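Participant: The following block contains the structure, expressed as structure tokens.
Throughout, read-outs are computed from the coordinates displayed, never taken from laboratory work. The shown structure was predicted, so the numbers you read here are calculated from the model rather than taken from an experiment. FYI the Cβ positions are ideal-geometry reconstructions off the backbone, even for glycines, and counts take in every protein chain you see.
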Amino acid sequence: MKALGIDIGSLTTKVVILENSRILSSVITTSGEEAESSAKEAVEKALTQAGLSFDNLYIVSTGVGRKSIAFSQQPKAITTCLARGICYLFPSVRMVIDMGAESSTIVKLNERGRVKDWANHDKCAAGTGIFLQQMARLMQVSMEEMSKLSLQAKSSASITSTCAVFAESEVISHVHREPPTPKEEIVAGIYASVISRIMALCKRVGIEKDVAAAGGVALNRGLIHTLEKEMGFGVLVPDTPQLVAAIGAAILAEENVEKGLK
Amino acid sequence: MVVAGIDIGSRAAKAVILKGGSILSSVIGDTGPESVKTSYMVMEEALKGAGLALGDIQYTVATGYGRVLVPFANENISEISCHAKGTNWYFPSVRTILDMGGQDCKAISCDGGGLVNNFAMNDKCAGGTGRFLEMIAEVLNTPLEKIGDLSLESKSAIPFNTICAVFAKSEAIVYLRKGVAKSDILAGLHEAIATRCLNLLKRVSIEKDFSITGGIAKNKGMVKKLTEKVGLEPLLCEDPQLVGAVGAALFAEERFTGASIKAMKVQYGYSDGTGDYFITVNTGLCDGCGDCVKACPAGIFVVDRDDSGQPKVRVKEEVRKRLSFLCPGFQSCSSKSEVNCHSVCQKDALSHSC
Amino acid sequence: MTSAEQGNSKIKAIIRACRLIMRMNQALPEARKSEAMYYQMLINYFTRLLNARENGDFVAAHTVFFPAELIYAMDMVPMHAETTTWMTALFTGECSDILAAGAELGLAYEICTPHRGLAGAFALGVLPRPDVMLWSNMVCDNTAKSGELIMEICNCPGFFIDHPFKDSEYERNYLVGEMEDMVHFLEEKSGRKMDWDKLSEIVARMDRQIELVREVNELRKAVPTPFHSQGFLELVSSDYLFPGQPEAIEYLETLKQELADAVKEGKGAVSNERFRLMTLFLPPMHLMAFLEKISQEYGAVSVVEPFFTYWGEGRLDPTKPLESVAKKSYMIPEMRMYGPMDERALNSIVDCAKQYKVDGAIYYADVGCRHTCATIKLFKDTLNNIDVPVLTLDCDVVDPTATSEEEVGEKLEQFFELLEDR
Amino acid sequence: MADNTQRNNVKLHTLDRFREINSTFPKTSQLLEHKRRGKKVFGWLCTYSPEEIMHAADILPIRITGYSQETELDEGNAYLYVNNCSFSRSCLQLGLKGEYGFLDGVVGGSTCDGARRLFDLWRNYIGTPFHHVLTVPRKYTEKAHALYYHEVAQFKKHLEDFLGFEITDEALHKSIELYNESRKLLRELSDFRKLDSPPITGAETMEVLNASFHMPKEIFNQWLKSLLEEISASGNSHTGRARIMLIGSVLTNPEFIKSIEKQGGLVVTDELCTSTRYWGDPVLLEGAKSPLEAISRRYLNNFPCARMFPSDERFNRIIDFALDFKVDGVISQIIRYCVPYCHDLPLLTKRLKAQGIPTLALDVEYGTPGSGQIQTRVQAFLEMLEAKRK
């Protein structure tokens, strides 16, 4: 029996298939408006990749859409999955920072990949992936360019607004200033404000080494660099950080198979 | 006299050119990343429309949050004053204004002269602003201008808990996944925003007449919700986005003629033992349309140019000493015929002492 | 609707809701007798308020932790301000109207919803106009500051009791002095006299009442625990609304007996008790039903509330009534949170956690309550040190728009998964 | 309308010396030198902590304030949560970062929830050798005065036990003299601003006040004396579109005032606990049983904070100032979550309106330079005041 983990996020859906703790295949697709069907597609993609069929699978789902799919045997909270997933990739990690499209979640875990404590953003989008996208659009640069720019910055502009939308106008006012603030400094400022919010979350639960980053936003070199500066030490980043939760779900599926759960 | 008003908002930039109290040309464009450029762009557009050059403009007032960055402006005045002024030009009877811009939402209470009495602005969070609706339009992939009408088709509105623009968006996504009708989601959001606006209005006191300005006034769904909540039928001008720029232009006119509205009241007549016989013309409001000239049964009015070349009505020289005999006075006049100088004056520029 | 009717509309709504709940409970086989008594008490409390005008009663509105014993002893009709607001939220699930009215007065969003709503409710005229407003700085700046505005809205006289910070003999005497001044003030305004014998009786009963709450909490230590999660609200309001009142004693006696029986039979409040929880501060009223449901699902139950039901040491002495009322104000569980935040306060939650065999704690971070939120980190660290995980739930006690079931459900799920995963 | 407040005015050199202090606080050369000489420095959290007593014990009392500008308060938020005022959070964060590591003691009062919790967390997470929190009554009754006197006496006792020597009445007398002198000079500075075109701006005054509670009063008084002479010699004059009174809790960033004055709003007086409410009243020895009693009376009777009851005491003082300084409008800057001030605002606005004085209510975060939306509101308010005058 194969273990399948599926993480249905607000923007993307990720699928991972495990066989005795080995990753057979993994898929990342964009979540469609119709959760059930788009999730099925993703699963089938992963199955064909692994040369498997839909039957004889144990499926654990996570992410915002975890309950919207009928074919999942067990929905699990994102925190539980992140902890299991990161522990599988980096056993030394005690704290994982998941920077998703619309939320960031900090999870502290023990050596067994069990959640000890966690914190997530509430009510405010400041410091999320969407926020970064908005800013990129505003500055008329791509996310990649943005990341490069930030690495060139000597100093960083101050962005204090707590509201994503007002941060926009702060950025605009930096652009409009006479003389305008250099792009790279503005970007550095944006990253600084995102990270400071992440750091605030971390401090709520108390920072513990090793620290890893997960979620699509973790692909952003510039941002990770800023994070490491703030932390004062290196941060581990998986090759495909988006998959961490899905892997965790797959591991939970495997555990359940072993427990003989149906 | 030719003047200009320019309004550099967070999302849109508007310019208006005014000649003798009437709009020569007006432009609405997007606010680019550099508002200095933007301000030149919209201004040139407007000048083209009027067939003028920047040199021909005698005075320019800038407003909107890019107001300090308009190089060719003589002065900048806050959006709040300009919206009050502009609305007053369209509808002198308006006392309460709701302006919903790209990133902020203002409630303004003003007097008959368009002077601000009190105002309140949303802050801390952009929930319930134009940007809020833009984001929602994006996720529902429905054009912004359509969402209002769509919301009206709703059978049962979805109650929204969050007021954060970005989170309302993700809540909306969740509902979409659950297969909730777009119209119901939109109705819910419009409801939420309207409530916020109402609370903002209450902070400045709600008096009639009521007007809505800014792009949002084009959103039928929002206007309907607001009408329900506020309990007043709002007066809407044909191009609500321009109001700020118009206000700025009117200020420009005022500054150029150097006269402020209150100083512009001209009284004709006299008082004797039998009482006061005065007709007061507010030349700040009077645009010299001449309707009152036709309407007055005694034909005591005449229109001609004032010192600054503006067409204004005045009481004929020869009749000023005989007003008490000629002019029946407002009450008696209006009781005889519903057509009189008051009833026809669109700008509320005339008043009688009796 | 005449202003008199409107003036009672919220009160009527509460009474209606209580009646409904009673009727629904009667249908249930498992229904607690004490619960019926509790709702009957509430109905009586608010009915007395409803008819105060025609009965020619003297209505004294007062803020939370105000010595209502004195009001009862002077034979006046008390109106517990905050409770009235949160019960409006709890029973009608709707209070946007009064919150908006509060904002209309110019009260900032930062002012906690119970007090913003309170001022709004009086301004709207949906609560009966009191004959006098009484308040104190127990328990926070909101209680300390709301009184003057309400005096002006209701255009009634008022008295402010200055409650000293520390529990020292000197400060307790000052408090006694404050209460004496208030008694004189009330005698003057109402033309009624303080009945000192009656006060002594009330104090004697109050002492019994505290004892009973302590005994009830002893019973809650049992595994499985006999009292359901939101039950503690009954204990809280029996003190808030009925200090030293016979009906409160009767209610507590009955409840105690019921719980004792349940413990004997080994019957738990939740069918499959898995997680014993500590509740810190107040859950959002509009989510009560939802919270009850989800805790049933997961076999989670609140066994102790250090700042609401866990009374400090000490007895009251009927021969020194005023001194006793003053003493009580430093014995109340909330005082541990309000008073100096020293070892005494911190140890008490550790003791609670141990005595009640707590698996985890839920911290309701009420956005309006600066007191409770400022200690989140402090308490969390303290509890984590003894390996008790803490869930912090951002919410608002009365404003339904602050938190949705989705958000809360999500967080609780994450928390319960954490607990079962350990 | 532009910035016509600065036209042809001579530079005030002493101001730069105050600016120097403010730009280097908390680690100013003065404080470090003071420590080097083996002397003690105490921090106080609220204007209800009697400085004279600490000073009489040969301790240098300084006010604990937060970052000079609006900053990300991640640490502050983590400990005090987001719904305590950004002033408390800013102070706590500065403390957690070790910026106040040189303090030998911290003194607070049961004045407001924010100040109290700041004290609680300071004691638990920063830890300074000496801690004391005073119960501060909220009334002015004789009983309240007796209680506060008792508290002040206990504080003195606690301090004496900590230091191992007695604080003599003579020492107290000296300190009272010094602090009263300081208050007298600050009043003179404020009187300049009653003039139709004052010789000193609100922003400049703020610089002086920031220094006043961050340096030894002995030096401060000297410097302020020479500043006052400089001012009267300068013949400077500032004009604007309207005369403004600033009210609200804590404000230390002169940029905020500058942003109002840049737009032509002349800030001529205030009701800030970092300004008028700090130097408000002198300690009166006449009729006092002892210097200690005189001190305790002064601190309880001083220009009140919104925490006190009845509030009209504060309202009337504000109105007196507003009329005395001929203000056209009042700008209320309340730091978000400053509950006592939030509650008073509706009542105060009503009373000011009755006096024909409009109020602009701004809710701000501590340290804000008053940029962005605030600018727009202030400008609109000034335009409104101007129009009203015409």
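Participant: Please compute the volume of the convex hull spanned by the alpha-carbon atoms of the range C:197-421 and report it per residue in Å³.
Facilitator: It comes to 119 Å³ per residue, whole-number rounded.
Participant: If you take the Cα atoms of chain C, find Rg, then find the Kirkwood Rh from the mean of 1/r over all pairs, what is Rg/Rh?
Facilitator: 0.94
Participant: If amide H atoms are built 1.01 Å from N in the plane of the peptide, which residues on other chains or at least 5 residues away come under 5 Å of the amide H of residue C:275?
Facilitator: Amide H neighbours of residue C:275, under 5 Å, 5+ apart: C:300, C:301.
Participant: How are the Cα pair distances of the range A:91-237 distributed, in percent, across 10 Å bins from 0?
Facilitator: Going out from 0 Å in 10 Å bins, the range A:91-237 shows 12, 44, 31, 11, 2, 0 percent.
Participant: Next up: How far is the Cα center of the range A:25-77 from the Cα center of the range D:175-200, in Å?
Facilitator: Value for the Cα centre distance between the two parts: 74 Å.
Participant: Take peptides B:338-351, B:109-122 and line them up by average Cβ neighbours within 10 Å, highest first, as a rough protection proxy.
Facilitator: B:109-122, B:338-351
Participant: Treating the Cα atoms of the range C:197-297 as identical point scatterers in vacuum, please give the log10 of the normalised Debye intensity I(q)/I(0) at q = 0.11, 0.19, 0.21, 0.23 Å⁻¹, two decimals.
Facilitator: Result of the Debye calculation: -0.38, -0.98, -1.12, -1.24.
Participant: Turning to a different aspect of this structure: Can you return the lysines within cross-link range of residue D:326? Criterion is Cα-Cα under 18 Å, with same-chain partners fewer than 8 residues away left out.
Facilitator: Within reach: D:194, D:353, D:388, D:390.
Participant: Relative to the longest principal Cα axis of chain C, at what angle does helix C:288-298 sit, 0 to 90 degrees, rounded to 10?
Facilitator: Approximately 20 degrees, to the nearest ten.
Participant: Right, here's the next one. Need one value for A:204-217: mean number of C-beta atoms belonging to other chains within 10 Å of its residues' C-beta atoms.
Facilitator: Mean partner-chain Cβ count within 10 Å for A:204-217: 1.
Participant: Another question, then. Name the residues whose placed amide hydrogens come within less than 5 Å of the amide hydrogen of residue B:213, ignoring near sequence neighbours (fewer than 5 apart) on the same chain.
Facilitator: Residues meeting the amide H criterion: B:98, B:99, B:100.
Participant: Provide the descending list of Cα extents for chain B along its principal axes, expressed in whole angstroms.
Facilitator: Extents along the principal axes: 79, 48, 29 Å.
Participant: How much FRET efficiency would the formula 1/(1 + (r/R0)^6) give for residue D:160 and residue D:232, where r is the Cβ-Cβ distance and R0 is 56 Å, rounded to 0.05?
Facilitator: The value I calculate is 0.85.
Participant: Rounded to the nearest 500 deg cm²/dmol, what is the calculated helix-only ellipticity per residue at 222 nm for chain B, with -39500 (n - 2.57) per DSSP H run of length n ≥ 4?
Facilitator: It comes out at -10500 deg cm²/dmol, rounded to the nearest 500.
Participant: One quarter of the convex hull surface, Cα atoms only: what value does that give for the range D:52-129 in nm²?
Facilitator: 5.3
Participant: While we're on this one: How shielded is C:172-183 by partner chains, expressed as the average number of their Cβ atoms within 10 Å of its Cβ atoms?
Facilitator: What the average comes to for C:172-183 is 2.
Participant: Between the helical axis of A:143-152 and the dominant principal axis of chain A, each derived from Cα atoms, what acute angle in degrees is found, rounded to the nearest 10?
Facilitator: Approximately 50 degrees, to the nearest ten.
Participant: Work out the FRET efficiency for residue B:153 and residue C:48 from their Cβ-Cβ distance, taking R0 = 51 Å, and round it to the nearest 0.05.
Facilitator: The calculated FRET efficiency here is 0.55.
Participant: Just the Cα atoms of the protein assembly as shown: what Rg and Dmax do they give in Å?
Facilitator: Cα only, the protein assembly as shown: 34.0, 111 Å (Rg, Dmax).
Participant: Starting from a Cα-only point model with no solvent, please compute log10 I(q)/I(0) by Debye for chain D at q = 0.13 1/Å.
Facilitator: Debye output, listed in q order: -1.11.
Participant: Could you name the lysines whose alpha carbon sits less than 25 Å from that of residue A:45, not counting residues in the same chain fewer than 8 places away?
Facilitator: A:2, A:14, A:67, A:76, A:262, B:178
Participant: Right, here's the next one. Taking a temperature of 10 °C and a viscosity of 1.306 mPa s, what whole-number D in µm²/s does Stokes-Einstein yield for chain A with Rh from Kirkwood over alpha carbon pairs?
Facilitator: Once the numbers are plugged in, D ends up at 84 µm²/s.
Participant: Only Cα pairs under 8 Å and at least 6 apart count here; give the relative contact order of the range C:3-190 as a rounded whole percent.
Facilitator: Computed over the range C:3-190, the figure is 20 percent.
Participant: Pull up the cross-link candidates among the aspartates and glutamates for residue B:224, meaning alpha carbon to alpha carbon under 17 Å and not fewer than 8 places away within one chain.
Facilitator: List returned: B:99, B:145, B:149, B:153, B:184, B:191, B:209, B:233, B:238.
Participant: Output the pairs from D:11/D:262; B:106/B:202; B:182/C:411 with a Cα-Cα distance over 22 Å in this structure; if there are none, say none.
Facilitator: Cα-Cα > 22 Å for B:182/C:411; rest within.
Participant: In the range A:91-237, what is the count of Lys pairs whose alpha carbons are under 24 Å apart, counting only pairs at least 8 residues apart or on separate chains?
Facilitator: Eligible lysine pairs with Cα atoms under 24 Å apart amount to 15.
Participant: Once the cut-off is 15 Å, how many percent of the Cα-Cα pairs in the range B:182-253 end up in the long-distance tail?
Facilitator: Percent of Cα pairs beyond 15 Å in the range B:182-253: 59.
Participant: So for the pair residue D:150, residue B:72, with labels modelled 7 Å out along Cα→Cβ, what separation do we get in nm?
Facilitator: 7.6
Participant: Going by amide H atoms built from the backbone, whose H comes under 5 Å of the H on residue B:312, apart from near neighbours?
Facilitator: Counting only residues 5 or more places away or on other chains, the set is B:304, B:305, B:306.
Participant: What helices does chain B have that are whole DSSP H segments, at least 24 Å long along their own axis by Cα, and with mean Kyte-Doolittle hydropathy of -0.5 or more?
Facilitator: Taking the DSSP H segments of chain B (at least 24 Å long, mean hydropathy at least -0.5), we get B:182-202.
Participant: If you average the sequence gap of Cα pairs under 8 Å that are 6 or more apart and divide by the length of the range A:91-237, what percent do you get for the contact order?
Facilitator: 31
Participant: In addition: Rounded to the nearest 0.05, what FRET efficiency do residue C:347 and residue D:191 have when you use their Cβ-Cβ distance and R0 = 45 Å?
Facilitator: Computed FRET efficiency for residue C:347 and residue D:191: 0.25.
Participant: What ³J(HN,Hα) values, in whole Hz, does the Karplus curve 6.51 cos²θ - 1.76 cosθ + 1.60 give for the range D:206-213 when θ = phi - 60°, with x put for Gly and Pro?
Facilitator: These are the phi-based 3J(HN,Hα) values: 4, 4, 4, 5, 3, 5, 4, 9 Hz.
Participant: I would also like to ask the following. Would any residue of the range C:180-224 have its amide N under 20 Å from a label point 7 Å out along Cα→Cβ of residue C:317? List them or say none.
Facilitator: Once the point is set 7 Å along Cα→Cβ of residue C:317, C:180, C:196-211 turn out to lie under 20 Å by backbone N, inside the range C:180-224.
Participant: I'm a student and want to see the number: the projected area of the Cα convex hull of the range B:92-236, averaged over all directions, in nm².
Facilitator: Averaged projected hull area, Cα only: 7.8 nm².
Participant: Related question: Going 7 Å from the Cα of residue D:168 along its beta-carbon direction, which residues of the range D:277-297 have the amide nitrogen within less than 17 Å of the resulting point?
Facilitator: Output list for this probe position: D:291-292.
Participant: Still on this model: I want to check a number: in the range C:3-190, how many lysine pairs have alpha carbons closer than 28 Å, given a sequence separation of 8 or more or different chains?
Facilitator: Close lysine pairs under the 28 Å cut-off: 8.
Participant: Something else now. Sorted by packing (mean other beta-carbon atoms within 10 Å per residue), highest first, where do A:212-223, D:234-245 land?
Facilitator: Packing proxy ranking, top to bottom: A:212-223, D:234-245.
Participant: On average, how many beta carbons from a partner chain sit within 10 Å of the beta carbon of a residue in B:71-84?
Facilitator: Mean shielding by partner chains, rounded to a whole number: 3.
Participant: Across 10 Å bins from 0, what is the distribution of all Cα-Cα pair distances for the range C:3-190, in whole percents?
Facilitator: Going out from 0 Å in 10 Å bins, the range C:3-190 shows 9, 34, 33, 19, 5, 0 percent.
Participant: Further question: May I ask for the equivalent-ellipsoid semi-axes of the range D:103-203, computed as the square root of five times each C-alpha gyration tensor eigenvalue and listed largest first in whole Å?
Facilitator: 31, 20, 17
Participant: Sticking with this structure for a sec: Determine by what factor the alpha-carbon radius of gyration of the range D:283-390 differs from 2.2 N^0.38 Å, reporting the quotient.
Facilitator: So the range D:283-390 has a normalised radius of gyration of 1.32.
Participant: Using 7 Å Cα-to-Cβ label points, what is the residue C:16/residue C:214 separation (nm, one decimal)?
Facilitator: 4.3
Participant: So what is the relative contact order of chain B, in percent, for Cα pairs below 8 Å that sit 6 or more residues apart?
Facilitator: Computed value for chain B: 17 percent relative contact order.
Participant: A further question on this structure: Modelled label-to-label distance, residue D:288 and residue B:232, 7 Å Cα→beta-carbon offset: nm?
Facilitator: 5.6
Participant: I've got another one for you. Nearest 10 degrees, 0 to 90: what angle lies between the long axis of helix D:373-389 and the longest principal axis of chain D (Cα atoms)?
Facilitator: 60
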